[in-house]
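Novice: A single structure is presented below for examination.
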Amino acid sequence: MLSPGHARLWDYFYPFGNTAAVCLTQALPPEKKADMLLLGCGDVRNILFTSTVGYWSSHALAARNILLVTLIVDDPDGERDDNWDIYYHVFLNDSCYDRLIGQATKLHSLCSSLETWRASKYGKLIRFCDHGTLTRVAQVWAFYIFVAPHRQSWINTTFKDAVDTRKGKVAGISYVIPGVRNATPTGVKAAVHIYELHEHFWRHGSLHLDSTARSQATFANPMFVSSLHETMDLHQGLDPLLGFHTSTAYVPLAADPASTPEETGSEDVVVAAKAEFRAWSNTFRTRAEEYLTLRFFAGDALSFCHTLQHRRVTGSATTASWYRSRHHTMDPLVLVDDDYGTDGTAPVSFDVVDTSDLADCLGILNLLVATSPLLDNDASSCLYTDILARHGEATHQGTFSELVGGHAATVSLLLGLFPMEYWTNTASSSIGDDHLLLVGADQWKSEATSNPQFLRITWRRPPSTPGLGIEPLHVNEISLSLILYKIYADMFLGEDVTTSSENSTLPGAERTSLSFYTRAGFVSLLSLVKRRVVTDWDQAMQALLAKVESNSIVMVGMNFMQELFLYMHLLDVYSVGTFKYFDDFRVSMSLEPKRCSGLLGWQNLPPCVCITLKVPRLALREFTSPNPRQLGSIAVQAAVQSFPKSPTAWFNAFAAVQLCFGTLSTSGTPFSNSFELSVKENLLGWLGECPLYVSFRVPSWIILREPQTAIVSFGPQRNPFTADRSAPTLGPELVMFEKPLGDTTHVYISKHPPNLRGFIKVPGFAKDVFTPQILTGAEAKTSITASVNSATAWIDNLTARLELSGALRAAVAHRKSAIVTLLPPSHCEVRVDHTVLDVTFPLPTGDLTAYIEPAGHLIELSGPIINNPATSPTSAFTSPLIFPPFSTTLHHGPVIPICWTAPYITLSKCPKLSTANPVALSRLSFLRPHIDMMFSARETRMGKSSALQPLMFATEEERGRLKFKLSLARLFSEVAGFAVIRPSSWTPRRDNGGDLKFDGVYTLRDGSGSRLVIFVESFRLDLARRTVVLDCAVLVFTLAVLPALSEWLRPQATDADSTGGGAVIADVDAEEMRVWKETLPSWVERCREWMHREGCEYGREGKWKAPVGRLDDPCGEVVCGCGRGVFPAGWKLDSQLWNAAKEHCVRAAISPLFASALAEDTGELGEKAETEGVIGCRACGKKMTKEGGELKDCNKCLKVKYCGRACQRADLKRHKPECGASKE
């Protein structure tokens, strides 16, 4: 209901995904057990790579994945090599085919009931969330067993049809962009092989390069079709290699450096993928029985999430009156009582929620509204969304803001989420080698639009009160209505006829014609916000509806007003008069049910009812006559309107419709609350002969206006595409079928939709999610208030109100002052005498102003939200450690710090790279462009020696961060043996011949005496992040360490070329050293294999923080001592300093820190775009004004552009000094 109903005439089948496997637990501390929700997951790659808990959302995919999982489990010794062929190849030899059919037969025999399944050997590992999933999965296995063996020619034809369809779609494309991306950091090297193997797979249906093996594969694999009655093709991008980290085929591995080949062949790529698959399977098998439970649901992701929300809020309910699938079924979703009832143990909130690419299919707002309430409030919990951003349409950051309703900070704050990459401008993965490939081929302009950029977004809870809950947000009701109306207008942008006409060419028309949202979806957002904010809600809704109703431009949207009112009432958001006073309305119309018959005689008629329209097959010929492949999936709608000869014309459209082919039966008395409908689905769908039933809810009052003559109709939604294609045959109204309301043969009216007995529930956040900040016992309570810019409808300022009582109030009243210290990124300390109050804001803020009420009752702290994280970076956000409250510790003991941006990593699982010989070093050349991608286009310009002005006018945080990243890049270059250009502040060691040499020791020092030493033990490939990582030890020179290393320090301090230490020495300034110290604790924590002990230094001062000491203390401690001297067996370095310093060192994992495409343009492509004049608003990144016009130049310097005065004012503080300099 939250997304429009669709006539799915043809669809794509994705037997496996096209993105490289990710580690789903990378955000969680190693001690934490994880509950995970995987939505839209196409295959098992992420489960096998992570070995954790998951859900799926398609019966065909669930059947495939369960079959593979059980094959792995049934091979205890890991001796079988044919699982790869069974899962990934279209054609199988007789041995593989027999094994597939045998496994399907075994599984099918266990599906007679849930009890039978649970009693089987797989019952603990694999669970079904509802009876419907078990039934549908069993049907797929039955197809494998009983139908597929006799329909081999049909399966062959299906594959050949997919091949023919693909030819027209990929003509002229010479790169497999996802394959290049997934092979990062060696993607450019892999491009040719990836393309050749992709073509090979589509030519032969397998990756067997040996012709003999191919000739033996004569059986068509039934796992590559859903069933006989599904109308779908294999997607043209399908490729077994795309789920794997094929970079291992192109790097010199230290396991056997002597055999490092100079070149990689196609066979090496296939071998690397199969080896990774085998390793995943072996790890999964060892963990499956003891640690894992996989729960499967085959149905609609949004329905499932809202049902889980309802279960979480009520504590027992297993249904929320949703259908289990959005399209072509009317089966109700009822969770299994044993797992989800009162005593059930199945999780209903999650540490990790991964939504795959569903944001591009369902709409990101629909998805976040459904999933945000399911995310645990623990500070380590994460929600992931994947999006495809088209660089040709706007900057990535502009596209991101458009996707979430106009302003990323505002919308995410309302949703109780915090987009990490956006605010930190830090990503653990580069944007991919496909980016480099397009730049290298000089195709960035033509290919950037046709090949959108893949972006993975990490969402956490806002930083305020981590682990305790979301803090309620206070906002003025009129201001809130401005925000909500802006979101509303953006959600239904395609209904604006002016926008539609302006975007009549692709890709603009494509965006406005894609129907992701219904009014029910918008109201579900309102339902969430209602529980999120503190305001006069009814006043806010009245103001919102006034704005919606007064919009004369979006004329199409006015047709859906009754649907908006309807769902606002159903979801308990707000009731307009026709719902709130419905009984009075009936009286005003002189309708007395006892004296009437039919619809008018309905006793206790509810304010809303359900209409079910029976549409005969013949009426669907507009959809069924053309080639269904050309139509794909079409958004549809129903309508109720006045009789043509009625004196008063009216029309109401409804997009939240449910479709199902089947047979209908009724029970109870028509036109009464006892009347119920039941529709039994016909699985043949569009290929069958049954009529189509279209069900939708309507306000009762509109059908009482003309209870016999009002017209009920069905047809495609109106947009530029459907209008051009269907208007000649259907007419301008696009009506496929219509009947009067009084036609009881085709029109059924009931209290509830078919097969349901209640109203849908969208509960949103549970009440215990919201926790106000209570500081220093009960003497200070904090509330956060948001201020909204009326011109932009953005939240632009936050105010923290501290209400004081007791001794604190008396102290403030006596002193009339308090000391306020801003602690980046979103914290501040308020010091009253000896009491320190820690106040947190849910978003990063700028300079704070403080107001102290004279009587001591109140302290107000107010500051603007950082408008652009790219140009206002907060160094503490680069890679911080945060500490949850004691109440959320994982064990009874010290608090476990959480890496908020840096992903956790198991270094022993990362392949070690070789630098042992010239051949190995030559194969590391891919690192040059990969490391360069750490820098945004802006940072690249600032880092050039000729660009002194940008660096001069940069903020302290910008300069420190940039210098830090430059030194980090040089460190990686030294390890990889590049001929780098070293700054004069660098003193490298020289060997006896005078040549520069790096032996793994890297020292940073500043003028105050601060010194860090990095000992690099090995260079590794980080497959999960598609990058590299240094396995190293770090030594911080503290007062405790200096005496033990005094002998080494004396010669090193006086002789930079001394061979006593063998270190490259980099002289850095205080700005850069600060960033190194802030980042170091997370690099240590992320690879930790030891436990924090009682008395951990992070809690030394009575509150938990990192770094340990003051950043300006040259000999202060930086990391805790819990892991000091703890290294794996065999971990060693050939260095004199290492032998003396080992017991004082701690292990760390140092990775590149990439700029985030959500915050600014990245890498060479961004720089190229800017130099060629394709640059967005300096503040927000958008490439046009709100009205769609061109950006305006700064009147003084004419060098930067803005989309409006609000953005120009927001950027004034930063731009003013550089603007003046440019004039000089």
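Novice: Per residue, how much accessible surface does segment 690-822 expose to a 1.4 Å probe? Answer in Å², no decimals. Write out the running numbers ahead of the final one.
Specialist: On the way: 5490 Å² over 133 residues.
Normalised by residue count, the accessible surface of segment 690-822 is 41 Å².
Novice: Have a look at segment 297-406 and give its Rg and Dmax from the Cα atoms, expressed in angstrom.
Specialist: Reported Rg and Dmax, both Å: 15.9, 53.
Novice: ³J(HN,Hα) across segment 91-102 via Karplus (A = 6.51, B = -1.76, C = 1.60, θ = phi - 60°), whole Hz, x for Gly/Pro?
Specialist: 10, 10, 7, 5, 5, 5, 5, 4, 5, 4, 5, x
Novice: Next question, about the same structure. Taking H placed 1.01 Å from N in the peptide plane, check which residues at least 5 places from Phe128 or on another chain put their amide H under 5 Å from its amide H.
Specialist: Under 5 Å from the amide H of Phe128: Phe296.
Novice: Let me ask something additional. Counting only protein heavy atoms and a 1.4 Å probe, tell me what percentage of segment 342-382's accessible area is made up of carbon and sulfur. The partial results should precede the final answer.
Specialist: Numbers: 380 of 870 Å².
Roughly 44 percent of what the probe reaches on segment 342-382 is carbon or sulfur.
Novice: Now for a different question. With no solvent and one equal point scatterer placed on each C-alpha of segment 75-208, evaluate the Debye formula and give log10 I(q)/I(0) for q = 0.16, 0.17 Å⁻¹, two decimals.
Specialist: For the requested q values the scattering log ratios are -1.02, -1.07.
Novice: Quick one: P(r) of segment 37-132 from all Cα-Cα pairs, 10 Å bins, percents rounded to integers, in order of increasing distance.
Specialist: Values per bin, smallest distances first: 14, 48, 35, 4.
Novice: Sticking with this one: Find the eigenvalues of the gyration tensor of the Cα atoms of segment 632-777, then list the square roots of 5 times those eigenvalues as equivalent ellipsoid semi-axes, largest first, in whole angstrom.
Specialist: They are 33, 22, 20 Å, listed largest first.
Novice: What pairs from Lys33/Lys1105; Lys614/Lys680; Lys912/Lys1132; Lys614/Lys739 go past 18 Å between their alpha carbons?
Specialist: On the way: Lys33/Lys1105 24 Å; Lys614/Lys680 13 Å; Lys912/Lys1132 14 Å; Lys614/Lys739 9 Å.
Distance filter (> 18 Å) returns Lys33/Lys1105.
Novice: Straight distance only, please: which aspartates and glutamates reach the Cα of Lys547 with their own Cα at less than 18 Å, same-chain residues fewer than 8 apart left out?
Specialist: Excluding near neighbours in sequence, the set is Glu477, Asp490, Glu495, Asp496, Asp536, Asp538, Glu563, Glu1187.
Novice: Going by the alpha-carbon gyration tensor, a ≥ b ≥ c the square roots of its eigenvalues, is segment 655-696 rounded (a/c under 1.5) or, if a/c is not under 1.5, prolate (a/b greater than b/c) versus oblate? Write out the running numbers ahead of the final one.
Specialist: Values: a/c = 3.62, a/b = 1.72, b/c = 2.11.
It is oblate, given that a/c is not under 1.5 and a/b is not larger than b/c.
Novice: Taking amide hydrogens as modeled 1.01 Å from N in the peptide plane, which residues meet the under 5 Å criterion relative to Thr845, leaving out close sequence neighbours?
Specialist: Ile866
Novice: Might you tell me the accessible area per residue for segment 573-675, computed with a 1.4 Å probe and given in Å²? Walk me through the numbers on the way to the answer.
Specialist: Numbers: 4860 Å² over 103 residues.
Ligands and nucleic acids excluded, the figure is 47 Å² per residue.
Novice: How many percent of the accessible area of segment 585-735 is carbon or sulfur, using a 1.4 Å probe?
Specialist: Values: 3600 of 6580 Å².
Using a 1.4 Å probe with all protein chains present, segment 585-735 comes out at 55 percent carbon and sulfur.
Novice: Next up: Give, rounded to the nearest 20 debye, the magnitude of the charge dipole that segment 1078-1140 has about its Cα centre when Lys and Arg contribute +1 at Cβ and Asp and Glu contribute -1 at Cβ. Walk me through the numbers on the way to the answer.
Specialist: Details: 9 positive and 10 negative charges, 35 e Å.
Here the size comes out at about 180 debye.
Novice: For Gly1125, what charge total do you get from the other residues with a beta carbon under 14 Å from its beta carbon, if Lys and Arg give +1 and Asp and Glu give -1? Working shown, then result.
Specialist: Values: positive: Arg1088, Arg1093, Arg1124, Lys1132, Lys1142, Arg1147; negative: Glu1089, Glu1143.
After counting each charged neighbour, the total is +4.
Novice: Same structure again: In Å², what does the accessible area per residue of segment 88-159 work out to with a 1.4 Å probe? Don't jump to the answer; show the numbers that get you there.
Specialist: On the way: 2860 Å² over 72 residues.
Spelled out: the 1.4 Å probe surface of segment 88-159, per residue, equals 40 Å².
Novice: Quick one: what are the phi-derived ³J(HN,Hα) couplings along segment 1025-1037, Karplus 6.51/-1.76/1.60 with θ = phi - 60°, whole Hz, x for glycine and proline?
Specialist: With coefficients 6.51, -1.76 and 1.60, one gets 9, 6, 8, 10, 8, 9, 8, 8, 10, 10, 10, 9, 6 Hz.
Novice: State which entries of Lys32/Lys781; Lys909/Lys965; Lys1077/Lys1142; Lys274/Lys909; Lys580/Lys761; Lys909/Lys1077 exceed 23 angstrom in Cα-Cα distance in the structure shown. Present the calculation step by step, with values, prior to reporting the outcome.
Specialist: Working: Lys32/Lys781 31 Å; Lys909/Lys965 26 Å; Lys1077/Lys1142 20 Å; Lys274/Lys909 17 Å; Lys580/Lys761 19 Å; Lys909/Lys1077 27 Å.
Violating the 23 Å Cα-Cα cut-off are Lys32/Lys781; Lys909/Lys965; Lys909/Lys1077.
Novice: Amide H neighbours of Val657 under 5 Å, counting only residues 5+ apart in sequence or on other chains, H built in-plane at 1.01 Å?
Specialist: HN-HN under 5 Å from Val657: Gly5.
Novice: Next question. What ³J(HN,Hα) values, in whole Hz, does the Karplus curve 6.51 cos²θ - 1.76 cosθ + 1.60 give for segment 291-299 when θ = phi - 60°, with x put for Gly and Pro?
Specialist: 10, 10, 9, 10, 10, 10, 9, 10, x
The values are calculated or read from the model by the stated rules, or taken from the named source; none is laboratory data. Given the structure is predicted, the values throughout are model-derived calculations rather than measurements. No Cβ is skipped: glycine too gets one built from the backbone with ideal geometry, and neighbour counts run over all protein chains shown. All accessible areas refer to the heavy atoms of the entire protein, side chains included, with ligands and DNA or RNA removed. Shrake-Rupley method; radii C 1.70, N 1.55, O 1.52, S 1.80 Å.
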